[in-house]
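Report on the structure given below.
The values are calculated or read from the model by the stated rules, or taken from the named source; none is laboratory data. Please read all numbers here as calculations on a predicted model, not as lab measurements. Because the Cβ atoms are built from the backbone with ideal geometry, glycine has one as well, and the counts that use them run over all protein chains shown.
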There are 4 protein chains.
Amino acid sequence: MTEVNVALIGYAIMGRAHSNAYRQVVPFFAPRVRPRMKVLCGRSRGGVEEAARRLGWDEASTNWEAVVARPDVHLVDIVTPGDSHAKIAIAAARAGKVVFCEKPLANSVPEAERMLAAVNKAGVLHMLCHNYRRAPAVMLAKQLIAGGELGELRHYRGTYLQEWLTDPARPRTWRLDKSRAGSGALGDLGSHSVDLARFLVGEISEVAGHMTTFVRRRPLPDAPRRTAPVTVDDAATALVRFENGAMGTIEATRMAPGRKNHNRFEINGSRGSVAFDLERMNELELYLESDRRAVRGFRRILVTDTNHPFLKAWWPPGHILGYEHTFTHTVFDLMEAIASGTLPEPNFIDGVRNQRVLSAIEKAARTKRWVAV
Amino acid sequence: MTEVNVALIGYAIMGRAHSNAYRQVVPFFAPRVRPRMKVLCGRSRGGVEEAARRLGWDEASTNWEAVVARPDVHLVDIVTPGDSHAKIAIAAARAGKVVFCEKPLANSVPEAERMLAAVNKAGVLHMLCHNYRRAPAVMLAKQLIAGGELGELRHYRGTYLQEWLTDPARPRTWRLDKSRAGSGALGDLGSHSVDLARFLVGEISEVAGHMTTFVRRRPLPDAPRRTAPVTVDDAATALVRFENGAMGTIEATRMAPGRKNHNRFEINGSRGSVAFDLERMNELELYLESDRRAVRGFRRILVTDTNHPFLKAWWPPGHILGYEHTFTHTVFDLMEAIASGTLPEPNFIDGVRNQRVLSAIEKAARTKRWVAV
Amino acid sequence: MTEVNVALIGYAIMGRAHSNAYRQVVPFFAPRVRPRMKVLCGRSRGGVEEAARRLGWDEASTNWEAVVARPDVHLVDIVTPGDSHAKIAIAAARAGKVVFCEKPLANSVPEAERMLAAVNKAGVLHMLCHNYRRAPAVMLAKQLIAGGELGELRHYRGTYLQEWLTDPARPRTWRLDKSRAGSGALGDLGSHSVDLARFLVGEISEVAGHMTTFVRRRPLPDAPRRTAPVTVDDAATALVRFENGAMGTIEATRMAPGRKNHNRFEINGSRGSVAFDLERMNELELYLESDRRAVRGFRRILVTDTNHPFLKAWWPPGHILGYEHTFTHTVFDLMEAIASGTLPEPNFIDGVRNQRVLSAIEKAARTKRWVAV
Amino acid sequence: MTEVNVALIGYAIMGRAHSNAYRQVVPFFAPRVRPRMKVLCGRSRGGVEEAARRLGWDEASTNWEAVVARPDVHLVDIVTPGDSHAKIAIAAARAGKVVFCEKPLANSVPEAERMLAAVNKAGVLHMLCHNYRRAPAVMLAKQLIAGGELGELRHYRGTYLQEWLTDPARPRTWRLDKSRAGSGALGDLGSHSVDLARFLVGEISEVAGHMTTFVRRRPLPDAPRRTAPVTVDDAATALVRFENGAMGTIEATRMAPGRKNHNRFEINGSRGSVAFDLERMNELELYLESDRRAVRGFRRILVTDTNHPFLKAWWPPGHILGYEHTFTHTVFDLMEAIASGTLPEPNFIDGVRNQRVLSAIEKAARTKRWVAV
């Protein structure tokens, strides 16, 4: 097989980001197996057809069950809201497809566990899309940590701050309804911080938590004079303990004016520190105790050198990448995993573990006690 | 009275900082009452005499009890280690002196409460030295918040990170011995974050906590081949809930490589945000929702304008201040309070409240539950 | 016509960047006319065929003369080295094609003038690719200036610093040979600073200049033991006077360690200032005198809002763009110009004017006098 | 001699800064010889007496000629406007005093040369106060360059930008009158950039220049309805060639909104780069080619370590210094020079050379040609 036929379920923003990745991976990365943009699925006939045309898909469909069952589909990519992940992923696994799913894996731990069980039972490859792992600067941080350059890790400080709910006049969309969205800032943003923590520092063993909804009622999108309750968190904070002895804080909010997409972490080890901010995605700050004392300082590394992760495929040094490149990197690694028949990372195992951490934070916030993951 | 005779008890780093403030306040601020550097107290005869000469004190003494009782001493300034604050402050209060004390006020809540009771009973003025309140950028933040420019406050993010204990070969001084130091990073650094939280956001009502000692034994200063246990925390984190509904995180560590003196806070309100970092003490970052949308962004305000707090006394705009200026500002306000007979802030009331927060964090960390302050 | 058949001459880095723009403009911008990637031209049969396949071109050719003459080609895009721009562009113009040409337009003023005469005579549309004009932050700066928000312009400070020739062991490629490259840092990098100066501030009337070649001989690429002379400049600086009375400095170098792609400008007007750095392409720094005095400061605007130039087509606020997006924006505007039959900017008129400024700087450096443009 | 009796001529801002240095040098640096603040001179009886009292001088005088002749005065410090430097310095030299003079040394080259001749003839020590040399970060840059860590120097980029004349309503004080001030931005600000260039890179051999007065008439300070011509430059730019082959740009302006005190330089050598900005005076940015390639980046060094220049005398690492500390460092080195009988730097020789560079820039701007220094 040198071509993988892809079915993409969903075509909102994440649909555009994944479509772009399939388009871009071939000219820039020349993967051993190439994705073919076979069919795009959605609920609205007109919408999905227009999107398929514009985004470059061969076909459009409104019947995901039929698509998932098609023999000429090899890979099912799920970018729908969280409450439909499980049923689609399980069906795809049963049909023997490679399953690629947007984060968070599911809206609850049991759902996530059922998804993992399904892919395991079917023996299919699976991948979870936590695209920020594959920002080159994050990958460089990983390499430095894996190479021992930070020594023993002690602190993780993860914040994912956005501002779009600051204004109480913002409508109460489905994202603010717990029955559909699962959770608020914690699941949407905090799950990224948890993934980066697990990727870079290690497994989290215990948490304390705090969750708040600052604006408790908001106008309905279609009837702005009426309001409805917000049933998810606007913001969440947590203290975390890692299995390896490191300690950390995690914070997610949608109410931090000026923080557009402030997915930031800092890690301190016994020999050095790194810091990253998604708003300056092409940079990594690094401090090394091994530098000569008089000239020690945080270095701003512009992670665009041809010897940096993924960069050889793009432009000369100093020419920065954008947000969507992280998806292209993810799809490239997925294609390579398919070519070699190995399980990519992160995958549904990570999805389950991530969900357990989020769930523990929710419980800890509710019970006002530390909770083991 | 146009001159206040000061007795300073202690002459280590804080002694130097306070001495400098007394020297500098007159030429730069021309306070209505002027401090006279009367007598410096310390335990070592040779040491205190040399220090008095160099720092500009009229006299030196090794007997603080006698000094505190002298009728020609009006103000007792205490910069000794925390375990002697209470006895000196109480004696000074009983002798009718103005009492000025370095933070943290005491090593425990009961001690702090006894100190407060003593100054109240004696009816003397008292002040606690939390010098960072009087960094001009912090004062500007306070003005903006008080003026409602940030709207309703929602988030406080306070970190005080240092690096000096990163290396496990650093000796186990008295600062790492709980019986003498009271606590570690929490009391030393975290108390600043708590003070700034209380000053800028409001009273803290409830906390969760986490404290760790990463390096459990260290070489003795005088016998480096032998080690002794470290009985204080190397690092502490907390989740906090404010009475006004805001939520926050507080972190203090002495093990963050590259963070020399990273006393940082960020506050997000419903109409804007501010951020401050002591390593760039002359700057305040400010984001205002009221700016026109296309040109919104965090402003780096170089807080050196003649209309900024305390700046008229110093240099033309753009000429920055240093660390020790914060003490000069504190002493100026103390002198003005003495001149007008009003209680300055922060004072022993703040010291007691701060101690209660620290104590609650310790208890929360120990019991693994949220604890009311 | 709803589809424009494109012939791209050249397939090195700029060929990749332009190909990407043609691929991306449709899904993200839905232009009224769509580019069709018809034929890719190059000198090596194997190379051009492999590139066409990978980059998504319908056909490959090694005969640009034949391609330019094809009736089914509507647009000729030239990304070859500068010494072949003129002959290709003139042939394309004579054949009635839209001509799109990489900067610098030519290697000399007379060449550039002949190209402009050719497109004028043929009455065809023409565009010069100075992609950085269409970085959203640069466009925002343009809007602010055009709206009078900076007042009367007084200062332009343009530096384009790179580092890749720092090491004297770097080989002496054709780029360092004046007979082929035309010039060194001045034409390659300085031409961008000149374009941004003209775009944002106005026409340059007079210049002083300084050009240096720090490393005068370098090893030959194919025979590293032998060296050849470097006949272009490693670095160039200039003082410039604008027609509107503003003054400026321009600097270009390939020998600034740490400056990967430091294309920076700062503009000061009577009411405010802006600053931009290509390494942080998504940010614009803005200072406004009209802000309330106590809170004035440079704002870091993250130019990723949906109301910022070109951003509506991409991602939600806070999700940054990369280097190649500037080409997509350029191609979008070219497509819209074709759709409406209007001359896009910058075009060959700008190319001629830019070349005259560069030529004046060279002459000023040689004669050690100010030279009128 | 263990005490040096100082006479300070002038008590405006520089008088405050020098007074502060004399006060602070003893407690912090314990120099081998100590300055005694003997007498302060000024023209207004009331003003100088009040200033002497406040700033801590033993005596006040309105007769500088008499003061300079007093046998009990050892050091004459001149902080008057530039047009009176020569007469005071020459009188002081003839009287055998150590002469310490604020920059710029004089208003013209011949004046500066006469001052140098006078101190040479008298055989007295002399020093020029270019205080920014002794910012610790600048000193660190000097050490790195002297140690060869930047390799062969190639580029100097010096800008000193301020904003205070942006508003055309600012009055036309004596500083804007050439007959009294000598020159405008060039002499006031550009002289600092020239001094740093000479200190860090080497002697300047040749210059091109450009000077502009944007606002040609301004209201009189005492009669705001009337205006008078501005006869000095608002802004000046220069291209410079160094004797060692490096090239540079220098710019000074008082019309850059947002730039409060932006005295910035960047130096690029064959092995690394440094950059400094006075608004962040405690930081030095450093890039080293010798760092491992994947982790190269500009380091932000917080120059506050006890092993950094002058820092041992102040506070623990991470506690920043302010503007006036640079004067204290200068006075410390002057005291040490007096103690050892050696000529401090910079001195009148530097003053003459600096003035020659400024004069060459003026001539180059006037004649529109490069001018040898």
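Data for the structure
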item: Residue match in region B:214-225 (condition: assigned to a strand (DSSP E or B) and surrounded by fewer than 16 Cβ atoms within 10 Å (Cβ to Cβ)); result: yes
item: Of the criteria (1) closer than 30 Å to B:R296 by Cβ; (2) hydrophobic (A, V, I, L, M, F, W, C); (3) outside any loop (DSSP other than H, G, I, E, B), which one C:A365 fails; result: (1)
item: The lone exception for A:R264 - which of (1) within 14 Å of chain C (Cβ to nearest Cβ); (2) out of contact with any His (no Cβ under 9 Å at 6 or more places or on another chain); (3) in a loop (DSSP other than H, G, I, E, B); (4) closer than 20 Å to B:V274 by Cα it fails; result: (3)
item: Odd one out for B:L343, checked against (1) touching a residue at least 12 places away in the same chain (Cβ under 8 Å); (2) crowded, with 19+ Cβ neighbours inside 10 Å; result: (2)
item: Matching residues, region B:128-174, being free of Cβ contacts under 8 Å to residues at least 24 places away in the same chain and either part of a helix (DSSP H, G or I) or surrounded by 22 or more Cβ atoms within 10 Å (Cβ to Cβ) (or both); result: B:A146
item: Positions within region A:279-291 being away from chain B (no Cβ under 12 Å) and surrounded by fewer than 24 Cβ atoms within 10 Å (Cβ to Cβ), in sequence order; result: A:R280, A:E283
item: Odd one out for D:T227, checked against (1) in contact (Cβ under 8 Å) with a residue 40 or more places away in the chain; (2) at the interface with another protein chain (Cβ under 8 Å from one of its Cβ atoms); (3) farther than 24 Å from D:R356 by Cα; result: (2)
item: Flag for C:S179 being touching a residue at least 24 places away in the same chain (Cβ under 8 Å), part of a helix (DSSP H, G or I) and either touching a His at 6+ places or on another chain (Cβ under 8 Å) or outside the structural domain of C:K97 (by TED's automatic domain parsing) (or both); result: yes
item: Scope region C:308-331; condition touching a Gly at 6+ places or on another chain (Cβ under 6 Å) and of a type in the set (G, A, S); matching residues; result: C:G322
item: Residue check for D:T367: over 21 Å from D:Y132 (Cβ atoms), away from chain B (no Cβ under 14 Å) and among the hydroxyl-bearing types (S, T, Y); result: yes
item: Hey, A:D333 closer than 30 Å to C:A17 by Cα, more than 14 Å from chain C (Cβ to nearest Cβ) and surrounded by fewer than 24 Cβ atoms within 10 Å (Cβ to Cβ) or not; result: yes
item: Tally, over region D:117-176, of residues that are more than 30 Å from D:S290 (Cβ to Cβ), among the aliphatic types (A, V, I, L, M) and in the same structural domain as D:N244 (by TED's automatic domain parsing); result: 4
item: Residue in region D:30-50 that is nearest to the other protein chains (Cβ to nearest Cβ), counting only those that are touching a helix residue (DSSP H, G or I) at 6+ places or on another chain (Cβ under 7 Å) and buried (at least 21 other Cβ atoms within 10 Å of the Cβ); result: D:L40
item: Qualifying position, being closer than 26 Å to A:D277 by Cβ and surrounded by fewer than 24 Cβ atoms within 10 Å (Cβ to Cβ), among A:G184, A:G202, A:G190; result: A:G202
item: Residue selected from region D:329-362 under the condition among the hydroxyl-bearing types (S, T, Y) and part of a helix (DSSP H, G or I), by the criterion nearest to D:S191 (Cα to Cα); result: D:S359
item: Test: residue in region D:305-318 that is surrounded by fewer than 19 Cβ atoms within 10 Å (Cβ to Cβ), hydroxyl-bearing (S, T, Y), more than 14 Å from chain B (Cβ to nearest Cβ) and out of contact with any Cys (no Cβ under 9 Å at 6 or more places or on another chain); result: no
item: Looking only at region D:234-251, and only at residues there that are in a loop (DSSP other than H, G, I, E, B) and in contact with a Lys or Arg (Cβ under 9 Å, 6 or more places away or on another chain), the one that is nearest to D:S270 (Cα to Cα); result: D:A246
item: Only listed residue being under 17 Å from the mean Cα position of the chain (by Cα) and closer than 22 Å to B:E336 by Cα, chosen from B:N20, B:N107; result: B:N20
item: Positions within region A:249-261 being within 13 Å of chain C (Cβ to nearest Cβ), closer than 16 Å to A:F276 by Cβ and touching a Gly at 6+ places or on another chain (Cβ under 7 Å), in sequence order; result: A:K260, A:N261
item: In region D:93-114, the residues that are under 28 Å from D:E362 (Cβ atoms) and out of contact with any His (no Cβ under 7 Å at 6 or more places or on another chain); result: D:A93, D:F100, D:E102, D:P104, D:N107, D:S108, D:V109, D:P110, D:E111, D:A112, D:E113, D:R114
item: Residues satisfying the stated conditions in region D:279-305, i.e. in contact with a Phe, Trp or Tyr (Cβ under 9 Å, 6 or more places away or on another chain), within 15 Å of C:R259 (Cα to Cα) and part of a loop (DSSP other than H, G, I, E, B); result: D:R296, D:G297
item: Number of positions in region D:83-103 that are on the phi < 0 side of the Ramachandran plot and either surrounded by fewer than 22 Cβ atoms within 10 Å (Cβ to Cβ) or of a type in the set (D, E, K, R) (or both); result: 10
item: Residue count, region D:267-278 (criterion: within 13 Å of C:R259 (Cα to Cα), crowded, with 22+ Cβ neighbours inside 10 Å and more than 8 Å from every other protein chain (Cβ to nearest Cβ)); result: 2
item: Region C:1-29, subset surrounded by fewer than 19 Cβ atoms within 10 Å (Cβ to Cβ) and away from chain A (no Cβ under 12 Å), residue farthest from C:L321 (Cα to Cα); result: C:M1
item: Identity of the residue in region B:297-311, under 22 Å from the mean Cα position of the chain (by Cα) and hydrophobic (A, V, I, L, M, F, W, C), that ends up nearest to B:L284 (Cα to Cα); result: B:V303
item: In region D:289-322, residue nearest to D:F28 (Cα to Cα) [restricted to those that are in contact with a helix residue (DSSP H, G or I) (Cβ under 8 Å, 6 or more places away or on another chain) and aromatic (F, W, Y)]; result: D:W314
item: Of the criteria (1) in contact (Cβ under 8 Å) with a residue 12 or more places away in the chain; (2) among the aliphatic types (A, V, I, L, M); (3) closer than 23 Å to B:A122 by Cβ, which one B:A17 fails; result: (3)
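Residue by residue, here is whether (1) more than 27 Å from B:T306 (Cα to Cα); (2) within 24 Å of the chain's Cα centre (by Cα) holds:
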| site | (1), (2) |
| --- | --- |
| D:T249 | yes, yes |
| D:K260 | no, yes |
| D:N263 | no, yes |
| D:A294 | yes, no |
